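Participant: Quick one: the structure is below, questions incoming.
Computed from the coordinates by the stated procedures, all read-outs in this text should not be read as laboratory data. What you are looking at is a predicted structure, and each value in this text was computed from that prediction instead of being measured. Here the Cβ is made from the backbone with ideal geometry for all residues, glycine too, and neighbour counts use every protein chain on show.
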Amino acid sequence: MILLSVREPFLRQAVERCARPDEAVVWEAPWVQEALEHGHARVHVRDDRAGRFPLVRTARVPELYVSPEMLAGWEQDRRRSEIPGPRIDGLARRMSAAIQEVALESTWVDRLMADLARFVGAPLPLSLRAFTRHTLELPRLYTDLSAISSAAGVSRGALKARFRRKELESPFTYLRWLRTFAVAELLADPDVTVAAAARALGFTSDTNMCRMVKALTGATPGSLRDAGARRRLRATFVHRHLGKEALAGWARLEGLFGVGKVA
């Protein structure tokens, strides 16, 4: 996930062009703030050092400040080229390089997906990576299917039907498992309480969080503090829900979070 606190629309367009294909670019101020506090972004891009966007900063989200002088220098370089290309293309290339210099190489979500791919024995389909990255990098937004169906531009019923057509289980099943992984990740820190984890992930109460984890896995959230339990949780998910047929269904699933065409 890339966070944007910028004034210029063309800068937002450039960042969207250089984002990963499964990655969200978040610019709405309330959700940028939310992501800085509870999300898992790899970089926060700003174009106003003076504080037009008074956001809480966290050490775990690197910041890229794009100054007016930087933008002007890039534009001068482009115009000096023998055949200057479109401004937005040049800016996207510059932004891509600048982001790579400061951004986190990986978040825990990247490491989760790499772990799942090892269990599967193959790369995860793009649609599954997008579903996982969006729902876990901004967990307080994607607490239920409403936000996911809204992002896909369809109703909840149509979203479920899209999964059925690909012979996949309900998207809610996958969402609950991913949120359980998020619970386990937070509770890996012994200083994080169950109640604090529930608040950070947008559950209505710690009781509801515990009930979901118990119903889904048979385990209590507290038991997931153990590293071995977390590994077994991931292996169980792959065994139950990411078999060959499911992976083939995910590979055919399009239209989620802007990935592929709507099927």
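Participant: State yes or no: is Gly243 over 25 Å from Thr107 (Cβ atoms) and of a type outside the set (A, V, I, L, M, F, W, C)?
Facilitator: yes
Participant: Okay, moving on. Just give me the residues in region 100-116 being part of a helix (DSSP H, G or I) and surrounded by 14 or more Cβ atoms within 10 Å (Cβ to Cβ), in sequence order.
Facilitator: The initial filter retains those residues of region 100-116 that are part of a helix (DSSP H, G or I), namely 100-102, 108-116.
Scanning region 100-116 gives Val102, Trp108, Val109, Asp110, Leu112, Met113, Asp115, Leu116.
Participant: Right, something else. Would you mind finding the one in Leu159, Leu178 that is among the hydrophobic types (A, V, I, L, M, F, W, C), closer than 25 Å to Lys244 by Cα and touching a strand residue (DSSP E or B) at 6+ places or on another chain (Cβ under 9 Å)?
Facilitator: Matching residue, one of Leu159, Leu178: Leu159.
Participant: Still on this structure, I have one more. May I ask you to say which residue of Ala97, Ala35 is surrounded by 17 or more Cβ atoms within 10 Å (Cβ to Cβ), hydrophobic (A, V, I, L, M, F, W, C) and either out of contact with any Pro (no Cβ under 6 Å at 6 or more places or on another chain) or assigned to a loop (DSSP other than H, G, I, E, B) (or both)?
Facilitator: From the options Ala97, Ala35, the qualifying one is Ala35.
Participant: Has region 67-78 got at least one residue that is surrounded by fewer than 19 Cβ atoms within 10 Å (Cβ to Cβ), among the basic types (Lys, Arg) and in contact with a Lys or Arg (Cβ under 9 Å, 6 or more places away or on another chain)?
Facilitator: Yes, that holds for at least one residue.
Participant: Sort out which residues of region 125-146 are assigned to a helix (DSSP H, G or I) and either over 23 Å from Phe237 (Cα atoms) or of a type in the set (S, T, N, Q) (or both), and write them in order of number.
Facilitator: Residues satisfying the conditions are Ser127, Thr132, Thr135, Ser146.
Participant: Next question, about the same structure. Please enumerate the residues belonging to region 21-53 that are within 19 Å of Leu138 (Cα to Cα) and without any contact (Cβ under 8 Å) to a residue 12 or more places away in the chain.
Facilitator: Glu28, Pro30
Participant: What's the number of the condition Val183 fails, among (1) surrounded by fewer than 16 Cβ atoms within 10 Å (Cβ to Cβ); (2) within 17 Å of the chain's Cα centre (by Cα); (3) not acidic (Asp, Glu)?
Facilitator: Against the list (1) surrounded by fewer than 16 Cβ atoms within 10 Å (Cβ to Cβ); (2) within 17 Å of the chain's Cα centre (by Cα); (3) not acidic (Asp, Glu), Val183 comes up short only on (1).
Participant: What's the total number of residues in region 172-194 that are hydroxyl-bearing (Ser, Thr, Tyr), farther than 14 Å from Leu233 by Cα and part of a helix (DSSP H, G or I)?
Facilitator: Step one: filter region 172-194 for residues hydroxyl-bearing (Ser, Thr, Tyr), giving 173-174, 180, 193.
Next, from what is left, pick out any that are farther than 14 Å from Leu233 by Cα: 173, 193.
Subsequent filtering for residues that are part of a helix (DSSP H, G or I) retains 173.
Going through region 172-194 one residue at a time, the tally reaches 1.
Participant: Out of Ala246, Ala215, Ala219, Ala197, which single residue is surrounded by 15 or more Cβ atoms within 10 Å (Cβ to Cβ), aliphatic (A, V, I, L, M), in a helix (DSSP H, G or I) and without any contact (Cβ under 8 Å) to a residue 60 or more places away in the chain?
Facilitator: Going through Ala246, Ala215, Ala219, Ala197 in turn, the sole match is Ala197.
Participant: Shifting gears a bit: Quick check on this structure: which one of Phe119, Phe131, Phe163, Phe172 is aromatic (Phe, Trp, Tyr) and crowded, with 21+ Cβ neighbours inside 10 Å?
Facilitator: Details: Phe119 fails: crowded, with 21+ Cβ neighbours inside 10 Å; Phe163 fails: crowded, with 21+ Cβ neighbours inside 10 Å; Phe172 fails: crowded, with 21+ Cβ neighbours inside 10 Å.
That would be Phe131, the only listed residue that is aromatic (Phe, Trp, Tyr) and crowded, with 21+ Cβ neighbours inside 10 Å.
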